[in-house]
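Single-structure report; data block below.
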Amino acid sequence: MTGSKNNQSRSCWIHCSRYPLGLLLAVCVLLLAGCAQGPLDTSRTFHTVVIDPGHGGIDSGVARNHLQEKNLALDVALRLRPKLEAAGFKVVMTRTTDVFIPLNTRAAISNEHSDVFFVSIHFNDSPARYIHGATVYYHTAMSAPMAQTIVNSLGKIAYNRGIMTANFRVLRKNRFPAVLVECGFISNRAEAERCGTAEYREELATRIAQAIIQGRYSVPAEPEFETGW
């Protein structure tokens, strides 16, 4: 067996020696680059948070009870940014004004950085007007612990609807841990009234920020369900 392996190794060396070293190095670089495009679990190492305020511009999102989702999402995102910066994170925003950003571009903004956690901010809608509460969606298993931590935190001020898997494009196309936070149902009159106040949106941003910091540095959270809202 040893002689056979030596012959194979000698044959491989002769075969490879026929190609320029530069070409072989280029192939290695391409292979490594291809590997780098796969999922990267930075849930316990990230230094950058990409905040994605949902919708914008021509896409208003949910429009109920005199509120537009795009405006609420942007407001919460802008309140979230300084809280995370104060905790030492670099923050990247997919938008800071009322503009439309394609879903693929939102994911690409995240993917062009390193050591990232991605959070998309949204508000929800339902034809059943009684439905209310906060939900956090994720696509990959590596994102589930942070999703749970965020929804537990929001559950202190809103009904906790738990976490759910979803195939949303901004999650599916993200290389890094990514969640989509539905802060509440503005189709529900009472919840819309709360979401319409600056004080409550400030509290939403605070709860999300606290959860991201906790998820980054502490033990992952267990499911909690608040039923008092």
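The values are calculated or read from the model by the stated rules, or taken from the named source; none is laboratory data. What you are looking at is a predicted structure, and each value in this text was computed from that prediction instead of being measured. Using ideal geometry, Cβ is built from the backbone for each residue, glycine included, and neighbour counts are taken over all protein chains shown.
Here is how the numbers come out for the structure above:
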{"quantity": "Strands (runs of 3 or more DSSP E) fully within the range 89-193 counting 3 or more residues that are under 17 Å from Gly61 (Cβ atoms)", "calculated": "116-124, 134-138, 178-185"}
{"quantity": "All positions within the range 139-148 that are surrounded by 24 or more Cβ atoms within 10 Å (Cβ to Cβ) and over 14 Å from Ile208 (Cβ atoms)", "calculated": "Ser143"}
{"quantity": "Output for the range 184-229, where each listed residue is at pLDDT below 95 and over 24 Å from Arg44 (Cα atoms)", "calculated": "Phe225, Glu226, Thr227, Gly228, Trp229"}
{"quantity": "Exclusive hit being crowded, with 21+ Cβ neighbours inside 10 Å, under 10 Å from the mean Cα position of the chain (by Cα) and either modelled with pLDDT of 95 or more or hydroxyl-bearing (Ser, Thr, Tyr) (or both), set Val151, Val181", "calculated": "Val181"}
{"quantity": "Flag for Thr42 being modelled with pLDDT of 95 or more and surrounded by 14 or more Cβ atoms within 10 Å (Cβ to Cβ)", "calculated": "yes"}
{"quantity": "Test: residue in the range 127-143 that is touching a Gly at 6+ places or on another chain (Cβ under 9 Å), under 26 Å from Leu40 (Cβ atoms) and touching a residue at least 12 places away in the same chain (Cβ under 8 Å)", "calculated": "yes"}
